[in-house]
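Below: one structure, written as structure tokens.
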Amino acid sequence: MHVFKLWLPTLTVLCACAGAELNQARATDVQAAVLAAEQVGANDSPKAALHLQLAKEQLVSAQRLAADGDQNNSNLLLERAKVDAELALQLARTEREQASAREAWEKIRETKQQSAR
Amino acid sequence: MSNTSRTLCISGFVGLALMGTACGGAAAPTTELLTARNAYATARNGEAATLNPTGVHAAAEALQAAEAAHKDDSGSQREKNYAYIALRKSELAIAAASEALARKEQQRAEETYKGQLEQRSDQATQQSSQYAQQLTQTQQQLQQNTQTLQQRQQELEQARVAAEQAQAELRQAEAIREEEGRLIISLSGVLFEPNGDVLSTLAERRLDTVAHALGAYKDRPIVVEGYTDAQGSDSKNLELSQRRANAVREYLERRGVEPERIRAVGKGETNPVASNDTAEGRANNRRVEIIVDRDNGPRSSERSDKVSENRPSSADNSAARPAPAPSTAPSSQSPMQRTSPPAQEPASPRQ
């Protein structure tokens with residue numbers, strides 16, 4: 001979250017200075033997905049954190065490609081960044097649900113043990 | 001067209017594209033495309049197909065784009081990029097399916113837990129009801145016990161009062177003393193016709209009072225002991241005393257004393273309480289003693305047996321007979337006032 005807060009203004013400054021034509025709509029989608037993933041705790045899960053990092057790196061790369069005038073590959077990287085951010089979000093949610101399910105069954109097991117005493 | 005149908009169509013297209021590529025001898029797919037294909041196969045053949053068909057469909061579309069890129073420009077960066085996206089879409093579909101599965105598990109766990117709690121609650125309610133029932137029963141039992149105890153205490157108190165009254169009546173009417181917890185009522189004077197065992201009217205009246213008093217000593221054994229004076233033979237006296245004791249026993253039974261707790265013993269001329277040398281002494285020796293035994297102490301029969309055992313045999317009767325009573329024998333002393341039996345039998349000549 002803190003990292004995102006730092007690199008987001010940096011990216012904006014880069015875009016402004018270069019005057020590149022980064023696909024802003026796609027970039028915004030990626031940023032929103034990254035933010036959502038961070039909010040559900042993607043940084044706490046190794047797998048989710050990996051894809052979150054990939055998304056961020058690809059977003060920066062897409063910006064550089066746009067600045068170099070390679071719009072096509074920039075857009076492709078934005079798509080990759082977006083799908084990585086979405087996967088990070090999904091993995092974080094999945095792990096959270098799986099942890100909740102485990103806790104629920106653990107509670108049942110403890111209750112059974114208490115009843116058996 | 002539903003997502004599933006569309007996914008199947010796309011899958012068919014992807015399959016045909018793969019076959020075409022193989023037959024046409026096109027360049028081999030990139031590692032990224034191969035990985036994307038495998039991931040898509042996993043998604044399509046796994047739980048994601050049923051739990052997340054939309055996600056699988058999105059993965060199929062992405063793979064279709066990758067296959068198209070492979071067909072158009074095999075080994076290009078574009079192919080790799082689309083393959084990468086297809087791979088992530090498949091992973092996304094699988095992860096979303098896993099989330100749905102986890103949510104179902106959690107729901108199932110919560111329902112199980114709820115059932116568990118309801119079951120425990122039911123058990124607790126049932127147990128509580130049982131405890132309440134047991135408590136009520138215990139309280140009722142306690143109340144009954146308290147009532148029984150109070151009733152018993154009242155009965156005991158009544159019995160105590162009755163015993164005191166009975167003793168008071170007896171003290172007024174007859175000689176009464178206590179020895180080692182036994183109550184001894186001594187009736188002397190004219191009780192029977194001479195040499196007979198028929199009770200006089202006066203004796204019956206006296207026995208009425210005694211019978212009434214004995215009612216206060218329920219459950220305590222009673223022994224009626226008959227005594228004569230020393231006139232006549234031992235055997236006749238023994239037989240007469242037995243008949244007289246029997247007469248008293250039968251009368252008491254008729255007056256309500258339980259037969260199973262009363263017995264009669266003839267003692268003859270033994271244990272005189274006064275000198276047999278005087279008419280007054282002999283009158284006192286002709287008596288009936290009614291012994292109310294202790295609840296659980298030694299029976300009066302033991303006393304009787306001891307007396308019987310202590311009797312000398314006929315061979316050495318004269319030698320074993322105790323010394324004669326002093327001339328100052330308490331002939332004037334009323335047996336009603338004595339608290340211990342005489343220790344010695346007077347040796348007056350038999351008449």
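Descriptive notes on the structure:
- Subset of region B:188-242 (residues that are among the acidic types (D, E) and more than 51 Å from the chain's Cα centre (by Cα)): B:E193, B:D197, B:D229, B:D234, B:E239
- Screening the candidates A:L35, A:L89, A:L77, A:L52 for the property of being buried (at least 24 other Cβ atoms within 10 Å of the Cβ) and more than 12 Å from chain B (Cβ to nearest Cβ) yields one hit, A:L52.
- Test: residue in region B:155-170 that is assigned by TED's automatic domain parsing to the domain that holds B:G266, of a type in the set (D, E) and on the phi > 0 side of the Ramachandran plot: no
- Filtered by the rule that a residue be assigned to a helix (DSSP H, G or I), at pLDDT below 95 and farther than 18 Å from A:E79 by Cα, region A:16-38 gives A:A16, A:C17, A:A18.
- Given (1) hydrophobic (A, V, I, L, M, F, W, C); (2) loosely packed, with under 15 Cβ neighbours inside 10 Å; (3) at pLDDT 95 or above, number of the condition B:A39 does not satisfy: (2)
- Qualifying residue in region B:127-137 (condition: within 14 Å of another protein chain (Cβ to nearest Cβ) and part of a helix (DSSP H, G or I)): yes
- Selected residue (only one of B:R108, B:R160, B:R120, B:R88 is more than 30 Å from A:A101 (Cβ to Cβ) and either within 9 Å of another protein chain (Cβ to nearest Cβ) or surrounded by 11 or more Cβ atoms within 10 Å (Cβ to Cβ) (or both)): B:R160
- Hits in region A:92-113 - residues which are within 9 Å of chain B (Cβ to nearest Cβ) and of a type in the set (S, T, N, Q): A:T94, A:Q98, A:S100, A:T111
- Tally, over region A:51-97, of residues that are farther than 20 Å from B:Y82 by Cα and hydrophobic (A, V, I, L, M, F, W, C): 4
- Candidates B:G196, B:G181: the one that is exposed (fewer than 14 other Cβ atoms within 10 Å of the Cβ), small (G, A, S) and touching a residue at least 40 places away in the same chain (Cβ under 8 Å) is B:G181.
Here's the yes/no breakdown for (1) surrounded by fewer than 20 Cβ atoms within 10 Å (Cβ to Cβ); (2) among the aliphatic types (A, V, I, L, M); (3) modelled with pLDDT under 85:
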site	(1), (2), (3)
B:V190	yes, yes, yes
B:A211	yes, yes, no
B:D219	yes, no, yes
B:Y227	no, no, no
B:A230	no, yes, no
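- A:L65 meets each of the listed conditions (1) touching a Ser or Thr at 6+ places or on another chain (Cβ under 7 Å); (2) not in a helix (DSSP H, G or I) apart from (2).
- Search result, residues across region B:237-265 that are in a helix (DSSP H, G or I) and either among the acidic types (D, E) or outside the structural domain of B:D197 (by TED's automatic domain parsing) (or both): B:E239, B:E250, B:E253, B:E260
The values are calculated or read from the model by the stated rules, or taken from the named source; none is laboratory data. Keep in mind that this is a model prediction, so the values were computed, not measured. FYI the Cβ positions are ideal-geometry reconstructions off the backbone, even for glycines, and counts take in every protein chain you see.
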